[in-house]
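The values are calculated or read from the model by the stated rules, or taken from the named source; none is laboratory data. Quick caveat, the model's predicted, so the values are computed rather than measured. Methodologically, a virtual Cβ is constructed for each residue, glycine included, from the backbone with ideal geometry; neighbour enumeration extends over all protein chains shown.
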Amino acid sequence: MLIIRQITGLDSMTEMTKGDIVALDGKRLRGSYDKASCKSAIHMVSAFAATNGLCLGQVVTDQKSNEITAIPKLLDMLALKGCLVTIDAMGCQKKIAKKIISRKADYILAVKENQEELLEEVKKVFDITALSSTDKSHDVGHGRAEIRTCSIINDLRFLDIDKANWKGLKSIVKIESERYIKISGKTQREIRYYISSSEKEAGEINHSVRNHWAIENNLHWMLDVEFKEDGSRRRMGNSAANFNIINKMALSMLKKHKGKNSVRQTRYRATLSPNFREKLFGF
């Protein structure tokens, strides 16, 4: 509890997640493999609160398993009431949807070829059913310009699957993105599909899907670039997993106190100033 208060200024996980978008995604700690003991690299599944920019928890997948078994364990650890949980295609599973609803949260799950029948049905419904709502957003930065169009259908009468098995299913979502890359002069187009238990309008869903990528950009990428996690060769016992947790805590503290500086500048300042280090740790 003290650590939560020092990092966020809040008193509990419930305050941190209340109404937030909670993104779940996995990351392989590439340097944690050990050939001598036939140990493969650790795969860590994390939950990230997009608004507060904080990792809420993580679970290491079993050596002979994958994210599908780790995600329910992670969901049981979190206070999710009122949250919107976003997961990529690996988490698009009936049991995971049921687990999220049981935690009194809503979900947005990406639909890809691993759920081939569901994907074909979702595409078919978009071809024959009127849209319930649409939203178009524009994003410019980092040498690219992107237009994202979100379309939602709430009328699922023509979705020929056993909807009862997809607990809480209320809408299907299509995201069409058109991205112009300045440096190459090329335009990329992509269409992605999702299922959701939320009845929010297209504008909110479009924002939520966009925010899912905060776990990649603001957590996983930062761990690799600022903490050189992929290059780390810690592999004995639980050292790789333990340092992953410590790095996430340090990253949250640095973000809270960095002001207009970068995380790297703030980290360097902490190495030079004992007083600033004490501030980081809440002393």
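When ILE215, ILE205, ILE183, ILE172 are checked against the criterion of being within 30 Å of LEU156 (Cβ to Cβ) and either loosely packed, with under 13 Cβ neighbours inside 10 Å or touching a helix residue (DSSP H, G or I) at 6+ places or on another chain (Cβ under 8 Å) (or both), a single residue qualifies: ILE172.
For region 91-123, filtered to residues that are among the small types (Gly, Ala, Ser) and in contact with a helix residue (DSSP H, G or I) (Cβ under 6 Å, 6 or more places away or on another chain), the residue that is nearest to THR69 (Cα to Cα) is GLY91.
Taken as a whole, region 110-124 holds at least one residue that is surrounded by 21 or more Cβ atoms within 10 Å (Cβ to Cβ) and under 17 Å from the mean Cα position of the chain (by Cα). In region 259-274, the residue that is modelled with the lowest pLDDT out of those that are among the basic types (Lys, Arg) and either over 13 Å from GLU226 (Cβ atoms) or surrounded by fewer than 16 Cβ atoms within 10 Å (Cβ to Cβ) (or both) is LYS260. Scan region 227-236 for residues that are farther than 11 Å from GLY31 by Cβ and surrounded by 17 or more Cβ atoms within 10 Å (Cβ to Cβ) and the total you get is 1. The helices (runs of 4 or more DSSP H) found entirely in region 184-283 that carry 3 or more residues being out of contact with any Ser or Thr (no Cβ under 6 Å at 6 or more places or on another chain) and over 19 Å from ASN52 (Cα atoms) are 221-227, 239-257, 263-272, 274-280. For region 204-235, the tally of residues that are without any contact (Cβ under 8 Å) to a residue 12 or more places away in the chain and farther than 23 Å from LEU84 by Cα stands at 3. Output the residue which, of all residues in region 60-109 that are among the basic types (Lys, Arg) and part of a loop (DSSP other than H, G, I, E, B), is modelled with the lowest pLDDT. If we take residues in region 60-109 being among the basic types (Lys, Arg) and part of a loop (DSSP other than H, G, I, E, B), then LYS64 is modelled with the lowest pLDDT. Only a single item in (1) in a loop (DSSP other than H, G, I, E, B); (2) within 18 Å of GLU229 (Cα to Cα); (3) not hydroxyl-bearing (Ser, Thr, Tyr) is not met by GLY57, and it is number (1).
Of everything in region 152-169, what is more than 14 Å from LYS123 (Cβ to Cβ) and either without any contact (Cβ under 8 Å) to a residue 60 or more places away in the chain or loosely packed, with under 11 Cβ neighbours inside 10 Å (or both)? Give them in sequence order.
Listed by number, the residues that qualify are ILE152, ASN154, ASP155, ARG157, ASP162, LYS163, ALA164.
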